[in-house]
Every structure is written in C-alpha cells, then in structure tokens.
Amino acid sequence: MAARLLLLLVVWFHAQVGFASHIQGRDAAAASNAPTSSNGVSSSAMQNLQHELGFNGLILLSNSPNFLNFTQAWAMNYNATPQVALVPHTSNDVAVAIKWVNAFNLDFAIRSGGAAASQSHQVIISLSLLNTVDYIPSQGVIHLGPGNVWGDVYDAMADLDVTALGGRLPLIGVGGIVDAEVVLADGSIVWASENPDLLYAVRGAGFTIGAVTEYVVKAYPKPTQIYSGFVLFTMENFEAIAANVANTTAHNTDPDVAILMGVVLSGGVQTILVFPIVLGTEAFAKEALSWIWALPDPILDTTTNVSWETLQSLQLDFVSHPLPTDDYQQHSIVVRSMTTSILQAAVDWQTPLLSDPRWAGLQILIEPFIPNSFASHFTTGPWPHSYPTMHVIQLFIQESNAATSDFTENFNQLVTGAGLVEAAAGSNNVLQRYPNYYLQGTPANQFYGSNLAKLEAVKGEFDPHNKFNKGIAITPTTRSRA
C-alpha cells in the first residue's frame, strides 16, 4: 500500500473518428493544388503522405474545427502555433508519419493524450487515438496506449480489483513502463525490452528517443481503504494552515499519507483548500493529519471514505482549469523545503491582483512530496538522477476577457510571482527542475546528472540525427554505452 500512494504522487511525464484518412480544413483543396499551403508544407509533401505513403490516420490543417483538440498546449506560454496535425490510428500510421516528416525535413513534435507542452511550429503527431487499455491477468500487466489519460485507464478498470500506478490527476497522460512499443527515427517499430538501454532511455527521456505507441505497465491491487476529500477554510486560518503544511511536509515520512493545498477563488474571494489523501481508515487519517480537523469553522468539509475511482474524479475538482484556454498560463517553482514564508509570498503575489478586474483564474497550488519519493526509480531510468526532496508551488493566471488577453502581461505577472516565491525560499532552497516532468529551458545535465552521458550515447544509436528534438535538449553522441 505504501508503494501505491508513493507512486500515485509521482507522474511520469507528461472523440473517436472514422478510419478513412482525409484532410480537414477549408484550405484543404488549396493544399492539394497550390505549390505550397499556408503552413509552408508543399502540396507534393501532403500528397505523398496521403496517397503514396498510405497514411490512414486523420490529417488536420490549422483551420479545422477540431485542430485545437489535438494540438493546443496546456498553457498559453507553451503554445508554438503548429500548422498541421497528424492523428494516427495505429503504430504503423505513426511509422509512416515519422518517415514523412523526416523525408521532407519538417519540424515535428509528438503529443500523447495528456496536458503536455510538446509543441512544434509545423507538425504535431498526436497519439490521442492510440488509447488501448488491455489487462492481461496471466501476466499481471496492463497494455496502455499513450493516447489515454489516467482517468480513461481508471474508468476502463473500474470493475477490476487491480489498477495501474498512475498520475495523481486523471487528466495526466499515461506513462510509467515495464516495456514499450517504440517507433524509431527511421520508422522501424521495436519493443524497448529487446534492448535494455533503449528501455532505460524511454523510461525517463520522454519522446526524445522515439515515439512510444504502447506501454506495458504492472498491475497492482487497488487500495481498499481511502479517506479523502476537500476541506475549505477562510483566509483567517492561513497562518495556522501554512505552519501545519510546512510542518507536515518536513516531518511526514509515511507514504500512505499525503496532502495538497491550494489558495483558490470562490465567488471572487480567496479561499484555502486542503486536500488530504490517505490510504487507510477515517480514524487513521484523522490521527495522521489531526490538525486539519482541529482548525475552527471550516467552510466545507467533504472528507469521507472513497473508492479508488472516486479519488481520481475528486481531484479534477481541485483544478478549476483542466482544459487549456488561449489566455491561460502557469509557472512552477520547485523547492527543497517548504516554509511558511514561501506560502506567504505566493499569497502576497495573488492578493493585490484580486482587485484588478482583468484577472481571473488566479490560483496557487502546493504539491508536497515525501522524502525519497523518487528513490525507487533511481536505477531504472535516467530520471531522476538523484532523489532530493522536491516540493512544487504552482501559480496560475488567466485574463477575464480572452479577447483582450495580453500574453506578455500574463507572463510578466507570473514572473513577478515566481520572483517573490524564490526570494522567500532563498537561492539554496530553489531547484531548477520539476519533479513530475521536464520543464522547457532546464539544462539536461541538471535533469539527468551523471546519467546524461549514457542517455546521449543511447540517443546517438537510435536517433543519431536528433529528429526527436522537442523538450529535453539531448545531444546524440557516439560514446560507448556503459
């Protein structure tokens, strides 16, 4: 049970349509007949993809009504305004797409089913329709397509007594693997377990080695006792809650006990939300986190015994913006230790913005991790290369009127907030990496440490020309793998 909640809090990266391939968008005819389409992809390239290579998935141009469903980033600051989306139905389609973008030297990014920031200014290859969920009892494993989000997986397995160790939020893309089917840069399709180094790299390097088209993950018994829910408080309780969150974060070593904290807007008023997640009975939960129920006058207390599936759906309520919008942005700060001054700095950023009618979606999310949360993965993949305690403070902002949204102003507000939080944390307490997945701009050596040399060598073997170049900047080398 301890391992289940421990991994529940560790996220590894990260409409069905007809099977006939067709181009959608009002410029489809122009794309077929003109020398080039408005996206810069030649008509000969488009025709080659559909008619000569035999791509059987969906081809979307940027003006298709469904285009953003397959391409839009989680937050505005990650959007690269891609122009073409390819939506494969099979791993063979993915192989065709990879061969095509490489043959025509097109910039591309692979996107799975979650809220990832994988972006390209030309072509997105969306794997969202590769959404298999297949439990194999005799092997004790589950085959999962990367187009799933964890909510899909939990729903599909609701009637079973086993589950996968997945993301805390049901909208997070699927990952975490025993094996994986991978489409490599040359279009070949392999199973990662055939080469231990490839499996090692795929586990912690996302889509920098190849395009994963199917995961195999171990099945685990579902927890039978879970106590969770939301407890809402007024800001009058902030000092007490901040002190208790900092104390719990510093001293809790029980992987069956976890909390989240947020400062959200309820009717335009700041409200503190505490979200305990405990694998155990009500009595155990209220002993382990007794301070929550000792606080006076909660606005609302929904904590109760819940099922595994209910726990996942509860957490969607904790995120008021589960889907991206044009003007939505977020910024994350990672610290080694949580303090009351850090939490106060986040609130100090949020509070003055409340009086400005331009701003909505102002939220703060605190995600503490217990010590050594990542230790069990230390030798099975390149990330993490070490396992210091890491806690996350997330700042969210959105403009009230999307039509007048100012990207730069939104971003500057987040930078200001991050600066306040980092100053309160102190430079020695801030980590320039994010525990759940890679953040754009993080130097690869900070993310992978001494494992980077091996990872670069693996990439040199399987992607020597660096075709999978989005996200983590890994330079392929010809060094021998250890």
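Values quoted throughout were computed directly from the atomic coordinates according to the rules given, and no laboratory measurement underlies them. Predicted, not measured: the structure shown is a model, and the values here were computed from it. We place every Cβ from the backbone using ideal geometry, glycine too, and count neighbours over all the protein chains shown.
At a Cα cut-off below 12 Å, give the aspartates and glutamates reachable from Lys454, other chains included and same-chain residues fewer than 8 away excluded.
Asp197
Counting other C-beta atoms within 10 Å, which of Leu127, Leu311, Leu289 has the fewest, and how do the rest follow?
Ordered by Cβ neighbours within 10 Å, fewest first: Leu311, Leu289, Leu127.
Can you list the aspartates and glutamates whose alpha carbon sits under 15 Å from that of Lys470, skipping same-chain ones fewer than 8 residues off?
Cross-link targets: Asp107, Glu456.
So for the pair Val347, Ser42, with labels modelled 7 Å out along Cα→Cβ, what separation do we get in nm?
According to this spin-label approximation, the distance is 6.2 nm.
Which lysines have a Cα less than 25 Å from the Cα of Lys222, not counting those fewer than 8 places away in the same chain?
Counting by Cα, and skipping residues close in sequence, Lys222 has these lysines nearby: Lys286.
With the calculation restricted to Cα positions, what are the radius of gyration and Dmax of region 130-222 in angstrom?
Final numbers for Rg and Dmax: 13.0, 40 Å.
In which sequence would Ser112, Ser341 go, from the one with the fewest C-beta neighbours within 10 Å to the one with the most?
Ser341, Ser112
If each residue's Cβ is checked for other Cβ atoms within 10 Å, how do Leu58, Leu129 rank with the fewest at the top?
Ranking Leu58, Leu129 by Cβ neighbours within 10 Å, fewest first, gives Leu129, Leu58.
For Asn102 and Trp191, calculate 0.36 nm times their separation in residues minus their Cα-Cα distance, and state this gained length in nm to one decimal.
Length gained between Asn102 and Trp191: 29.9 nm.
Stretch Phe284-Leu354 to full length: gain in nm at 0.36 nm per residue minus the Cα-Cα span?
Extra length available between Phe284 and Leu354 comes to 21.4 nm.
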